[in-house]
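Notes follow once the structure below has been shown.
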Amino acid sequence: MIISNPLTIWLNQWKVPGFCIPGQTKANTIWLTIDDGPSLHINRLMDFLAETNTPALHFFSADKKDRLQQLPEIPAGSAIGLHGYSHCRYNQLTLDELIAEIDQCRQSPLTRYPLFRPWFRSPYGSWRPGLHTLLREAGWKPLYWGFLAGDWVPSFQPEQLQKLSSQWLKPGMIIVLHDKDHQTDRLIQSVEVITRICHEHHFSIGKWT
């Protein structure tokens, strides 16, 4: 399953600010983001990204404390953002629960990591009225995406990205992949497909730092 622009209509309907704007749009540049880390094999992923000089913005969940304490070196050009504290749907929280969640994010030691940047992606891309106001008041910059690969689905194959390249190979496009336990091989293969297609079409992958 490949999902293109899954939130565009919904978010535009509600006129939610900060959708798919990574700061500036450069000609022939896409932006790679990876959600749900750090996985069990984060070291292997980071080694691959460093060896291939592939920058990415990694959205980590702040409640993975044990793994966050053992983070490997983040490659140059990459950065870390927050994927919430717990991986819950914000549209199912009360206002008080949402405020507590955001406060836990603010207190996370992850925010003191050298390559941490205040990008924030809510789990599942969930949204509710008042969310972006709370995030911005806490100093976060909400960031969604333009192309959701559906790579968490068991039947997903990285080569599907080749067939759908017309949907994501666009200047300023933000792509999201997922760093799941036991799916590191597939994630690496997906990045390989993306970088190969970018090279063939003279696109670059934007640096976050």
Requested in this report: State, to one decimal in nm, how far the label point of ALA27 lies from the label point of GLU159, with both points 7 Å from Cα in the Cβ direction.
Outcome: 3.5 nm
Query - Extension gain, LYS170 back to ARG196 (0.36 nm per residue minus Cα-Cα distance, nm) - result: 7.9 nm
Report summary line: per DSSP, antiparallel bridges as share of beta bridges in the chain, % nearest 5, sits at 10 percent
Report task. Once you have a ≥ b ≥ c as the square roots of the Cα gyration tensor eigenvalues for the range 108-150, tell me rounded if a/c is under 1.5, and otherwise prolate or oblate according to whether a/b is larger than b/c. Result -> oblate
Requested in this report: Compute the relative contact order of the chain as a whole-number percentage, counting only Cα pairs closer than 8 Å that sit 6 or more residues apart in sequence.
Outcome: 35 percent
Report summary line: Those helices of the chain passing the 15 Å axial Cα length cut-off and the mean Kyte-Doolittle cut-off of -1.0 (DSSP H runs only) are 95-107, 184-200
Report summary line: Options (1) 45; (2) 64; (3) 23 for percent of Cα pairs over 28 Å apart; the value derived from the coordinates is listed as (3)
Query raised in the report: Label-point separation (nm) for ASP181 and SER204, each offset 7 Å from Cα along Cα-to-Cβ?
Result: 3.8 nm
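Given the -39500 (n - 2.57) contribution per DSSP H run of 4+ residues, what per-residue ellipticity at 222 nm results for the chain, rounded to the nearest 500 deg cm²/dmol?
That comes out to -8500 deg cm²/dmol.
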Query raised in the report: Using mean Cβ contacts within 10 Å as the protection proxy, how do 52-58, 94-100 order, highest first?
Result: 52-58, 94-100
Query raised in the report: Magnitude of the Cβ-charge dipole of the chain, K/R +1 and D/E -1, about the Cα centre, nearest 20 debye?
Result: 560 debye
Requested in this report: Amide H neighbours of PHE59 under 5 Å, at least 5 residues apart or on other chains, H built in the peptide plane: list them.
Outcome: ILE34, ASP35, ASP36, GLY37, GLY81
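Laboratory data are not the source of any read-out in this text; all were calculated from the coordinates shown. As the structure is a prediction and not an experimental result, all values here were calculated from the model. Note: ideal-geometry Cβ built from the backbone for every residue, glycine included; neighbour counts use all protein chains shown.
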